[in-house]
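Peer 1: Handing you a structure now.
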Amino acid sequence: MYFDFAAYTPLQRYKLLSSTVTPRPVAWVSTADASGRPNAAPFSFFNVFAEDPAALGFAINHRSDTDRKDTGENVRAQREFVVNLVSEDIVEKMNVTAIEFGPDVDEFVEAGLTPAPCTMVRAPRIAESRVSFECRLMQIVPLGKRRSLVLGEVLAMHVRDDAVLDPARCLIDTPRLQLVGRMQGHHYVRMADIFEMPTIPVDAWTLKSERA
Ligand SMILES: Cc1cc2nc3c(=O)[nH]c(=O)nc-3n(C[C@H](O)[C@H](O)[C@H](O)COP(=O)(O)O)c2cc1C
């Protein structure tokens with residue numbers, strides 16, 4: 001079936017995109033407002049894009065033209081944030097932080113999460129998360145009226161000790177992170193079916209073709 005996006009509403013396009021570009025990693029973004037009050041919320045329009053500078057991004061779907069969600073307001077005002085990753089054991093806490101609370105509600109308290117201090121930014125990280133990235137805002141790219149792509153430079157990262165195989169070689173035990181991804185809607189996936197497939201060097205491919 002062919003879908004010409006010009007014929008579809010934003011909600012229909014969202015459904016088509018978010019049910020096919022999947023599983024998506026979840027950025028569990030923690031921020032603080034000017035008074036230091038913490039905030040946390042998950043964003044699955046998220047990925048990593050570069051290493052020099054190390055850059056990642058997530059997209060916020062604004063509630064209205066003036067309400068950019070608490071995360072968006074805090075990122076704009078403080079120009080920094082933390083992206084925490086979501087493991088199986090804390091996925092229900094993540095879900096609590098997705099509730100549309102007002103800015104006066106501290107999601108750390110509601111979800112029973114522990115704010116831990118960061119080194120490079122004032123926003124807290126989520127202590128229960130096995131990986132956290134301390135980020136400085138690079139730019140906010142408006143995507144139409146209702147979305148903003150937040151790009152951040154990763155200044156530092158925290159990884160739970162037992163998931164680091166060899167710090168000198170930056171080797172992480174990825175399966176040990178037990179991360180979850182978002183499928184479509186309210187469905188998630190676990191890291192349950194990993195397989196290996198090395199990239200084929202062009203020389204090896206050419207040699208194979210010549211021999212065939
Ligand atoms: C797994 C998951 C992924 C989500 N991804 C996004 C997203 O990519 N963009 C978005 O605007 N909202 C997303 N949401 C909804 C926000 O988390 C929700 O609106 C939240 O209340 C925003 O909180 P805040 O106002 O404290 O920033 C997602 C929710 C869940 C459960």
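Peer 1: Compute the distance in nm between two label points, each set 7 Å from the Cα along the Cα-to-Cβ direction, one at Ile99 and one at Arg37.
Peer 2: About 1.6 nm separates the two model spin labels.
Peer 1: Pick out, in residue order, every one of the chymotrypsin sites (Phe, Trp or Tyr not before Pro) in segment 112-212 that is DSSP loop and has at most 14 other C-beta atoms within 10 Å; say none if there are none.
Peer 2: Those that pass, being in a loop and sparsely packed, are Phe195.
Peer 1: Could you pull out every one of the aspartates and glutamates with an alpha carbon less than 16 Å from that of Lys93, ignoring same-chain neighbours closer than 8 positions?
Peer 2: Once the sequence-local aspartates and glutamates are set aside, what remains near Lys93 is Asp106, Glu107, Glu110, Glu128.
Peer 1: Can you spot the aspartates and glutamates whose alpha carbon is less than 16 Å from Lys145's alpha carbon? Ignore those fewer than 8 places along the same chain.
Peer 2: Asp65, Asp67, Glu73
Peer 1: Once phi is turned into ³J(HN,Hα) by the Karplus curve 6.51 cos²θ - 1.76 cosθ + 1.60 with θ = phi - 60°, what whole-Hz value does each residue of segment 39-56 show in order, with x for glycine and proline?
Peer 2: Along segment 39-56, the couplings run 8, 9, 7, x, 9, 9, 7, 8, 6, 9, 10, 7, 10, 9, x, 5, 9, 9 Hz.
Peer 1: What list do you get for Leu155, Leu16 if you sort them by fewest beta carbons within 10 Å?
Peer 2: Details: Leu155 16, Leu16 13.
Fewest to most other Cβ atoms nearby, the residues stand as Leu16, Leu155.
Peer 1: Further, regarding this structure: Give me a comma-separated list of calculated 3J(HN,Hα) values for segment 177-191, in order, Karplus coefficients 6.51, -1.76, 1.60 applied at θ = phi - 60°, integers in Hz, x for any Gly or Pro.
Peer 2: Result, rounded to whole Hz: 6, 6, 6, 10, x, 9, 7, 9, x, 9, 9, 10, 10, 9, 7.
Peer 1: Given 0.36 nm per residue, what is the gain on full extension from Asp166 to Tyr2 after removing their alpha carbon distance, in nm? Display every interim value, and only then the final one.
Peer 2: On the way: separation 164, 0.36 × 164 = 59.04 nm, distance 4.78 nm.
My answer for the length gained is 54.3 nm.
Peer 1: Same structure again: What residues of segment 82-120 lie in the reach of a label at Val48, counting those whose backbone N is under 14 Å from a point 7 Å from the Cα along Cα→Cβ?
Peer 2: Answer for this model: 83-86.
Peer 1: Nearest 500 deg cm²/dmol is fine: what mean residue ellipticity at 222 nm does the chain get from its DSSP H runs of n ≥ 4 alone, each adding -39,500 (n - 2.57), divided by its residue count? Let's see the in-between values first.
Peer 2: Details: 5 runs with 41 residues, N = 212.
So the calculated ellipticity at 222 nm is -5000 deg cm²/dmol.
Peer 1: What translational diffusion coefficient, in µm²/s and rounded to a whole number, does the Stokes-Einstein relation yield for the chain at 10 °C and a viscosity of 1.306 mPa s, taking the hydrodynamic radius as the Kirkwood radius over Cα pairs? Before the final figure, lay out the partial values.
Peer 2: Working: Rh = 18.8 Å.
Once the numbers are plugged in, D ends up at 84 µm²/s.
Every number in this text was worked out from the coordinates using simple rules, so none of it is lab data. Since the model is a prediction, treat every value here as computed from it, not as a measurement. Positions of Cβ are generated from backbone atoms using ideal geometry, with glycine treated the same way; all protein chains shown enter the neighbour counts.
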